[in-house]
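Written out below as structure tokens is the structure these notes cover.
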Amino acid sequence: MFRFLIRRTLGAAVILLIISAIVFVLFYAAPRDPARIACGKVCTPETLALVKKNLGINHPLPVQYWDWLKGLFVGRDYAAFGNCKAPCLGYSFQNREPVLSTIMDRFPLTISLAIGSSVVFLVFGIGTGMLAAVKQGKTLDKIASSASLIASSMQIYVIGVFATYLLVDQMHWLDRANYTPFTDNPAKWAQGLLVPWLVLSLIFTANYTRMTRSQMVETLSEDYVRTARAKGLSRRTVFFRFAWRGAMGPIVTIFGLDLGTLLGGAIITESTFSLQGLGMLSVKAVSTNDLPMLLGVVMVAAAAIVVFNIIVDSVYALIDPRVRLA
Amino acid sequence: MSTPFLSVRDLKVHFSTEDGIVKAVDGLSFDVEKGKTLGIVGESGSGKSVTNMAILGLHDPRNTKLDGEILLDGKELITASERELEQLRGNKMSMIFQDALASLSPYHTIGAQIAETYRKHTGTSKKEARARAIEMLRRVGIPQPDMRVDDYPHQFSGGMRQRAMIAMALVCDPELLIADEPTTALDVTVQAQIMDLLKDLQQEFGTAIIFITHDLGVIADIADDVLVMYGGRCVEKGTKKEVLRTPEHPYTLGLLGSMPSLEGPVDVPLSPIPGSPPSLLNPPSGCCFHPRCTFAEKVSGGLCSTAQPALEITDGRGAACHLTPEQKGDLFADYATARTN
Amino acid sequence: MSLSRRNFVIATSVAAAGSTLLSACSSGDSGGGSGSPSDGATAYTGAKVTVGTKEDSTGPAPEIAGAKKGGTIYGLAPDDFSHLDPQRIYYAYNSTVALLLHRCLTSYKIDSSGKQKLVGDLATDTGTASADNKTWTFTLKEGLKWEDGSELTVEDVRHGIERSWASFITEGANYAQSALTGKGGKWREGYEGPYKGKHLDSIVTDKAKRTITFKLAESKPDFNFTLAMHSYAAVSPKLDTKEKYDKKPAACGPYKIKAHTTDKSMVLIRNKNWDPATDSIRNAYPDTFEFDFGIETLDSVDRLIADQGKDQYAVSIYKGVPAERIQKVLTDPALKKRSFNGLLTGVYYYAINTKRVTDLKVRQALNHAWPLQQIRQIYGGPSAGDFATSIMSPDLIGYKKYDAYGKLTKPQGDPAKSKALLKEAGKLGMKVVYAYPQDPTYDKTKVVIENALKAAGFTPIIKPVDSTSYYDQIQQIDNSYDVMWFGWSPDWPTAYTVVQPLFDGGAIGNGMNNISQTDISWINDGIKKNAVVADQAKAGAAWSALDERIMKEVAPIIPETFSRRYYVFGSKVGGAQFDPNFSATLLYKTFVKA
């Protein structure tokens, strides 16, 4: 397991490096000049040159990339901002705030959104899937499957606005979606994020329902389940001890990847509820051509996905003893 | 004759499918005595596995209809509740399967799976159950059982796995063991070992064994009595000697004839039974074997295609065939000689 | 004279882009026909902007009926202000908070009807100009203080302007710098800013007399308007923290920054050292302003509509009501009471490349053909704005409404007239290449434009251009477009800032804004002449005459829309009104209703 982790971590580092290089190239390949955008309304050639110098983009592309890498590992000196300690992700072109601290600032919200909605869609998705598997073919199965499919076909920005209108404006059951740090007030934290959790989980639930249901049905038809029944184990024992184990593998895999994606920011949900997480940060970085911020967010999101990939593979090995970690 | 431990009377297993009712087993009766082995022979689709599953009550009640009577040591099984069946399974009656790798849970150690059965039926502690599991592994001849008890099924070889499954099936000292083609997937030497093991265990514990196979060589080895199934019915029954030496049904004859023989010339072509197994949805009229039977036209009045031959058992011997004993004596003898030459 | 200024209405800033991308809304607006202003808008009655007197410049500002001191007003906005350093402020949305914190020599005094006067803010009046309008002198009021109690002197005014030469300041306006140096776009040459102790010879201060004199290289009769821009606000050298000033500047206005968490929130509290007697413009009723950033536009307007809890005391700082909610605001009488609207300062139009479309009759035919009503329908109907028929917009001094091509009577276009003109010119069926920035709204308007051009006897070729490089492309003088979507808004309300950059022959070049490439001697001369008229009212009249003549005799553009923006505010907010200069909520007039 140890060798496996070492190897995968190194691989992850290489992947992240490649991603950062690709983002750099793509950014500059796009027709928008970040200096122009940061330059403001009046952009004479002289002003543009000054802006480029201030932003640090008056060097050729490889030099800029090298500077960025250097900053990541040993820190970097900026004319306008002084020394930036490692890991230095630079300063936003748009508002000259340090990228790393801005991202870290937004991260708790994104984590909260990710975890909260994960709990919801895992509970509902897997629960509904298990129910459907047990009552296979019966009405409950059909209802559960259809309901989750309808739910996942809904659009967040429609349901979100409607949910807010209904639950907040009309019935006053909840406050408007807002973020209170968990450490400040756990109750308020949960209350403020409840609607976003429910709405965000909608698009995932169907997947888990379907997957759980089909995995369990498939597992229930395996030979070893027949053996277990032949040994005299009750239906319930068989269901929970065996069928569950068989379904876990794929569910854990998909969940790991979903969680990795969620940690990169849930753009539509954040936008619908005016929650300032990594998603909104990435949108703003793109629209304002803010290279350092864009790079920072992309790296964080990519790292989350890569890390969770590794975690998922490791967990899979724990679940299924037949899997040998390559 | 002691009372049979297992008594099956006129068992019918019908599956309701989208295309109609499939009569997988249609009126099967047999007995099994303690300390004896009943070998059930037949091709795929003959209903052998279905019968076993019916005995254990493992069919899906939503689409299966069971009729008839199954008495296990006096207890009727078809009408028994699920709870009662659970008490009996793995305890009084056990089953071992063909593919041990698929039939054992990949997620649990062998020891855990054996112990699980033991604990379910005796309620002992984990420690005791584990000790019992080690003992069982030793008994079935697995070396270093105290180490191997913590291995997973995929870490065992094919033969060891089958032994482990036998260990699991016998951990509660069942009085009936159903073996569903346990050696089909194993090579000949391992096969022989397993069969010896089963014979030893039977001798030691007096277990009644039902051994299902399509391999007559295995039957010759292990069975006391033989039941030949075709199309969901019994077509011939008797002791091993009777059935194998003097078959009374064209199908049995065909089976014997289609076996390659170790003696005899090597360049004699195999003579398989022509045709394919019957549809259980729409069985042939009359005798369900008649489309493939070489002797069908010998029967006067074309009975084979119109009337179902009755299975008449005398002293445990009988066959369901319209041919008269005289006809059989003539026709079958030719074949028998042809085979031994 | 090549002043490459860019006053795009569609700026590439996040805020401005969001607000000016008029999204399509088929809300079943019932016609509305001609360009009459929609409900709630006051028809322009002329002379909206004038120059005020010394008395107008003397504080305090007139009281607002019913207003009381105290309470907190909340502001909602999707984004934080990108710059708080006045020399780095150019985008309108930053100016909304600058009005509370910073003061310039001159500024605009706005009454409740939206009429405004240029008055002295730090200065006692709107300044004295020499006969040739090259030398401007201002006297500073007494009693001006910074938030720390230190005195605000003429040297602070000078410092604010001089520091725009510093290398870290690249975002502000350029007008004053060009005028002071006479070097046009190269005004940075020869001076590096005040931080090493060097000062500009062209700015003379007399601390004792409290005067500051500007010696311009060119005649600028409207220089006092230029100085009203926040880019020329005062900064104290002692309180100047350079780059850090952008996040926490020192205030001399009625409020100062108590706390500012970037991209999250800002709290302003009273600046006790601001003396209302020195300020004829601003009221300061609320004790505190609390701004929340990161509230998406649709969400913030829904909150204001719902009017719950604290939102009853809230306003949208600079984001208007989006198209999805306009109908609701217009049709709900209770909501309408809690709303105001106004016209944006600029004009959307289509520039005709006169080097390619050389025949006047063809350009006039284009004007006749253009389907203003159908376009406006896509923008959202009459509430989206008024039909534009001139280069100058209603907020400019001297604006006169005229309709050279019958657009107000036939806003749907007059294909017959157009065809007739084309026939006369012998150009029936002429190909015309129309370029626009790719965007969901303009992808829709191009359809009605294409249909109208076809009906009017043209063969339209539609060329959507990637929006991020649109301006670069159309500002190439050898581009291959005949008609190009465009927009322009003035930096202060005199027509010079519109007519010169758009129609002066000297403003033709790559990256410049005379994209119709109009170079006609009587226009160039007219611009030069009007630029030096001292009296703004007279200048305004001259400009509007020039405007009309350009449109009638040259027709280098097809004017389209004067956009309208709506705002909703909480039920307990009083005094909220439209800021005609920055098209936002005028914060310093708000008060908390009991």
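Derivation of every value follows stated rules applied to the coordinates shown; laboratory data play no part. Since the structure is predicted, the reported quantities are computational estimates derived from the model, not experimental observations. In this analysis, Cβ positions are derived from the backbone assuming ideal geometry, glycine residues included, and neighbour counts consider all displayed protein chains.
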- Could you let me know the centre-to-centre spacing of segment A:145-177 and segment C:515-594, using Cα atoms, in angstrom? 44 Å
- Over the whole of C:460-473, what's the average partner chain Cβ count within 10 Å per residue? Rounded to a whole number, please. 2
- Query: Amide H neighbours of B:Leu227 under 5 Å, counting only residues 5+ apart in sequence or on other chains, H built in-plane at 1.01 Å?
  - Reply: B:Gly39, B:Ile40, B:Val41
- Item | Per-residue HN-Hα couplings for segment B:42-54 [Karplus 6.51, -1.76, 1.60; θ = phi - 60°; Hz; x = Gly/Pro] | x, 7, 5, x, 7, x, 5, 5, 4, 4, 4, 4, 5
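Within the set B:Lys34/B:Lys75; C:Lys134/C:Lys528; C:Lys54/C:Lys572, which residue pairs have Cα atoms separated by over 26 Å?
Violating the 26 Å limit, Cα to Cα: C:Lys54/C:Lys572.
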- Query: Helix C:536-553 versus the longest principal axis of chain C: what angle, 0 to 90°, nearest 10, using Cα atoms?
  - Reply: 20 degrees
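Would you mind calculating the gained length between C:Ser113 and C:Arg356 on full extension (0.36 nm times residue separation, minus the Cα-Cα distance), in nm to one decimal?
Fully extending the segment from C:Ser113 to C:Arg356 adds 83.0 nm.
Assuming R0 = 45 Å, what is the FRET efficiency of C:Asp478 and A:Phe73, from their Cβ-Cβ distance, to the nearest 0.05?
Numbers: r = 48 Å, r/R0 = 1.06.
Once the sixth-power term is evaluated, E becomes 0.40.
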- Taking a ≥ b ≥ c as the square roots of the Cα gyration tensor eigenvalues, with a/c under 1.5 meaning rounded and otherwise prolate when a/b beats b/c or oblate if not, chain C comes out oblate
- Per residue of chain A, what 222 nm ellipticity follows from adding -39500 (n - 2.57) for every DSSP H run with n ≥ 4, rounded to the nearest 500? -23500 deg cm²/dmol
- Applied in sequence order to segment B:276-286, the curve 6.51 cos²θ - 1.76 cosθ + 1.60 (Karplus, θ = phi - 60°) yields integer Hz couplings, x standing for Gly and Pro, of 9, x, x, 6, 7, 7, 10, x, x, 6, x
- Query: Can you flag which of B:Lys48/B:Lys241; C:Lys529/C:Lys589; C:Lys115/C:Lys310 are past 29 Å Cα-Cα?
  - Reply: C:Lys529/C:Lys589; C:Lys115/C:Lys310
- Taking placed amide H atoms and a strict 5 Å upper bound, the residues 5 or more places from C:Ile557 or on another chain that come that close are C:Ile352
- Task: Beta carbons within 10 angstrom, averaged per residue: use that to sort the peptides B:67-73, B:43-49, highest first.
- Result: B:43-49, B:67-73
- Note on the structure: Comparing A:Gly265, A:Gly137, A:Gly127 in a Gaussian network model of chain A (Cα, 10 Å), the one with the largest mean-square fluctuation is A:Gly137
- Note on the structure: Checked segment B:173-230 with the C-alpha gyration tensor, a ≥ b ≥ c its square-rooted eigenvalues, rounded below a/c of 1.5, otherwise prolate if a/b is larger than b/c and oblate if not; verdict oblate
- How much net charge surrounds C:Asn367 when only the other residues with a Cβ under 12 Å from the Cβ of C:Asn367 are counted, with Lys and Arg +1 and Asp and Glu -1? +3
- Averaged over A:97-105, how many beta carbons belonging to a partner chain fall within 10 Å of each residue's beta carbon? 1
- Anyone know which of B:Leu177, B:Leu56, B:Leu303 comes out most mobile in the 10 Å Cα GNM of chain B? B:Leu303
- Message: As I understand it, the value is the acute angle between the Cα axis of helix A:139-153 and the longest principal axis of the Cα atoms of chain A; what does it come to in degrees, rounded to 10?
- Response: 10 degrees
- Residue by residue through segment A:177-188, the couplings from Karplus 6.51 cos²θ - 1.76 cosθ + 1.60 with θ = phi - 60°, in Hz, x for Gly and Pro, are 4, 7, 10, 10, x, 4, 5, 6, 7, x, 5, 5
- Note on the structure: In deg cm²/dmol, rounded to the nearest 500, the helical mean residue ellipticity at 222 nm of chain C, built from -39500 (n - 2.57) for every DSSP H run of length 4 or more, is -7000 deg cm²/dmol
- Message: Need one value for C:186-192: mean number of C-beta atoms belonging to other chains within 10 Å of its residues' C-beta atoms.
- Response: 2
- Query: In whole angstrom, how far apart do the alpha carbon centroids of segment A:95-115 and segment B:220-293 sit?
  - Reply: 76 Å
- First check a/c for segment C:174-216, with a ≥ b ≥ c the square roots of the eigenvalues of its C-alpha gyration tensor; if it is under 1.5, answer rounded, and if not, answer prolate when a/b is larger than b/c or oblate otherwise. oblate
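Cα-Cα pairs above 20 Å in segment A:170-286: how many percent?
60 percent
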- Message: How tilted is helix C:360-369 with respect to the longest principal axis of chain C? Cα atoms for both, answer in degrees (0 to 90, nearest 10).
- Response: 80 degrees
- Message: Please give the Cα centre distance for segment B:88-102 versus segment C:309-326, rounded to the nearest Å.
- Response: 72 Å
- Task: Report, ordered by chain and residue number, the aspartates and glutamates lying within cross-link reach of C:Lys427, taken as a straight Cα distance under 18 Å and ignoring same-chain residues fewer than 8 apart.
- Result: C:Asp359, C:Asp414, C:Glu450, C:Asp482
